[in-house]
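One structure is given here, and the rest of the page talks about it.
The values are calculated or read from the model by the stated rules, or taken from the named source; none is laboratory data. Here the structure is a predicted model, which is why all the values come from computation and not from measurement. Note: ideal-geometry Cβ built from the backbone for every residue, glycine included; neighbour counts use all protein chains shown.
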Amino acid sequence: MNVREWALPVYTILMQLATGALSVIWIVRSRFISKFGAEKIDRVCENSIFVVFFTIGAAMAGSHFHLSKPYLSLLAVLNFRSSWLSREITFTILFFLAVGLLWFMQWRKIEIHLWKTILGWVAIFFSWANLYCMSIIYMLPTQIAWDTPITIISFVCTALLIGIMALTTLLIMDLKYSELRGLAKAGIQATVIKKSLGWMIGAACFIVILQIAVNISQLISLNNSNLETAQISILLLTRLYPVLFGLRLALIIGGVGGLSLAVYLYTRDQKPVRDLLFPTYITCLLVMVGEILGRFLFYAIHVRIGI
């Protein structure tokens with residue numbers, strides 16, 4: 001794959017990462033806002049929201065490498081009523097602007113908490129609308145390997161999985177920084193992380209199981225199809241890329257399993273949560289590499305029907 005071809009995997013993965021991370025951080029905020037108060041919990045979320053904002057910007061910048069005339073990209077929104085691509089671009093821009101405004105309010109300490117809450121959920125709506133449009137674009141009758149609801153499910157799973165793994169790492173990194181700087185929010189951060197790790201890891205484990213089921217369903221669907229293109233796709237997956245396919249599953253299983261084990265051991269030994277930084281970083285990296293391989297395979301096994 002050349003630079004123009006890699007631009008799409010980079011864009012889709014980064015947008016899914018931003019979608020999943022913002023969704024999870026806003027759930028965390030909602031769970032603890034009544035306990036600690038909006039002002040304090042917003043300080044905990046501030047840096048994570050900036051990372052989400054930066055990630056969306058990087059995804060948008062990277063997507064332009066796929067275009068022959070990137071300076072005309074904004075004109076694509078003019079076909080919103082008839083084009084899923086235009087809708088995707090529109091929701092991407094709205095997602096970027098909403099998260100940018102949310103981060104600006106956090107950064108400037110504009111304490112209008114109700115508006116922050118509403119803006120966060122609006123940004124999440126834009127993010128999932130963008131992901132849905134992104135999925136529909138690939139569901140083409142000419143692409144047998146893609147033209148299935150499995151595409152939507154797999155994109156949703158990727159968004160939530162890498163969002164959870166990345167956010168876990170971000171929160172612990174931020175905690176480490178706060179403790180080194182002696183910031184008052186460190187105690188709240190530690191409590192939020194401790195009380196969130198259980199359900200976040202549980203969700204990640206469920207998503208991995210779902211992803212395995214999705215992959216098996218795709219193999220069965222392609223194998224049962226009488227179309228030659230479907231048979232070519234399954235041959236590509238099982239004959240040309242079986243090592244990458246197995247490695248991808250091993251990485252996401254190993255990443256989530258490794259994080260689960262690390263959290264169990266650190267909890268059992270009553271170690272401070274900041275010491276989980278290295279295991280969370282490594283396991284997040286494993287899952288990210290696994291999802292990058294998964295996205296490569298997604299593009300690599302498609303075979304077009306007709307023109």
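When the residues of the range 103-142 are filtered to those that are out of contact with any strand residue (DSSP E or B) (no Cβ under 8 Å at 6 or more places or on another chain) and not in a helix (DSSP H, G or I), which remaining residue is farthest from R43 (Cα to Cα)?
As a first pass, look at the range 103-142 and keep what is out of contact with any strand residue (DSSP E or B) (no Cβ under 8 Å at 6 or more places or on another chain): 103-141.
Subset that is not in a helix (DSSP H, G or I): 108-112, 139-141.
Details: R108: 11, K109: 9, I110: 12, E111: 11, I112: 14, M139: 41, L140: 44, P141: 47 Å.
Ranking the qualifying residues of the range 103-142, first place goes to P141.
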Query raised in the report: So, in the range 259-307, of the ones that are assigned to a helix (DSSP H, G or I) and of a type in the set (D, E), which residue ends up farthest from Q218 (Cα to Cα)?
Result: D275
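Being under 20 Å from G294 (Cβ atoms) and either outside any helix (DSSP H, G or I) or not assigned by TED's automatic domain parsing to the domain that holds F50 (or both) narrows it down to one of T238, T229, so name that one. Before the answer, list the steps.
Values: T229 fails: under 20 Å from G294 (Cβ atoms).
Criteria check complete, one pass: T238.
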Query raised in the report: Has the range 143-150 got at least one residue that is over 12 Å from the mean Cα position of the chain (by Cα), under 19 Å from S63 (Cβ atoms), of a type outside the set (S, T, Y) and not in a loop (DSSP other than H, G, I, E, B)?
Result: no
**Report entry** Filter result (small (G, A, S), at pLDDT 95 or above and touching a helix residue (DSSP H, G or I) at 6+ places or on another chain (Cβ under 8 Å)) within the range 228-256
**Finding:** A250, G254, G255
Report summary line: When I137 is run through (1) touching a residue at least 60 places away in the same chain (Cβ under 8 Å); (2) over 23 Å from V28 (Cα atoms), the failure sits at (1)
**Report entry** Qualifying positions in the range 231-245 - farther than 14 Å from Y299 by Cα and over 28 Å from the mean Cα position of the chain (by Cα)
**Finding:** Q231, L235, R239
